[in-house]
1. Grab the other residues whose beta carbon is less than 14 angstrom from that of Pro115, score K and R as +1, D and E as -1, and report the net.
2. For segment 14-109, what are Rg and Dmax over the alpha carbons, in angstrom?
3. For the ranges 101-114, 162-175, what's the packing order if you count other beta-carbon atoms within 10 Å of each residue, average per peptide, and put the highest first?
4. Grab the beta carbon distance between Phe70 and Leu10, set R0 = 22 Å, and tell me the FRET efficiency rounded to 0.05.
5. Would you calculate the volume per residue, in Å³, of the smallest convex hull containing every Cα atom of segment 127-167?
6. Sort 58-64, 136-142 for me by packing, meaning the mean count of neighbouring Cβ atoms within 10 Å per residue, highest on top.
7. Tyr42: accessible area at probe 1.4 Å, nearest 10 Å²?
8. Using the scaling law 2.2 N^0.38 Å as the reference, what is the normalised Cα Rg of segment 8-48?
Amino acid sequence: KIAAFPFSFLSDLFFFSLVLFFCAIIENKLLFRLSSFILALYFSLTFAYGYDWLNYYQSYLALGHGGEPFFGDLGFILLMKICISLGLGFSVYSFIVNMILYSLIIFFSSKMKCPSFCLFALFAFLGFFMFTEQIRQGLALSIVLFGFISYFRKSNIKFLLVIAVACLFHLSAIMALFYYILSSSTRRYFSISLIFCLFFYVTFITLMSN
């Protein structure tokens, strides 16, 4: 895939969205596994959708020559440096990142009551930007969703640790803390959650503005 053919980019997204839509209507476990596998494999083996990928490509080359990337997300930089140290090309790095992203999204969807519909909704609404161009935000979001489905009702500490990991890939993941406010069952818990989340939100805005 190359950035010079946006029609191909949009046609791929439309085709997979349509396939996932029909899978959502049928809602069959076998179809979910098959469609999710093909989706993850296809978008992991292809890259250069849109234009933002050029920033990642240039950053990958820059880090390989001792330069600086265009972003400052430590998790993404570390992942790039690991791939570079192993002598992997950008295409392999892109495959790894996208496979992690889609694996977490599929895992999240598989835990829902209607997994095919969940995967369709996530891809149809977020596939155009989050999962193909804004890869850092997409990866951070997938980690957040993994945290929600795995730890939110079981362990607050583990959930917060997952959010912290997600923030290493994009700082906007800190917004997930507001879910504590939305899920508060008592006024006292609501007040504590509100103060806690506002503190982190102000910190987030301060860091983003500097």
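1. On the way: positive: Lys29, Arg33, Lys111, Lys113; negative: Glu27.
Counting the neighbours of Pro115, the net charge comes to +3.
2. 16.1, 51
3. Most protected by this proxy first, the peptides run 162-175, 101-114.
4. With R0 = 22 Å, the Cβ-Cβ based efficiency is 0.30.
5. Working: hull volume 1.9 nm³, N = 41.
Each residue corresponds to 46 Å³ of Cα convex hull volume.
6. Most protected by this proxy first, the peptides run 136-142, 58-64.
7. For Tyr42, solvent-accessible area is about 70 Å².
8. On the way: Rg = 10.8 Å, N = 41, 2.2 N^0.38 = 9.0 Å.
Normalised Cα radius of gyration, segment 8-48: 1.19.
The values are calculated or read from the model by the stated rules, or taken from the named source; none is laboratory data. Everything numeric here is computed off the predicted structure, so don't read it as measured data. A quick note on method: Cβ atoms are made from the backbone with ideal geometry, for glycine too, and the neighbour counts reach across all protein chains shown. We work out accessible area using only protein heavy atoms, side chains counted, and drop any ligands, DNA or RNA first. Shrake-Rupley method; radii C 1.70, N 1.55, O 1.52, S 1.80 Å.
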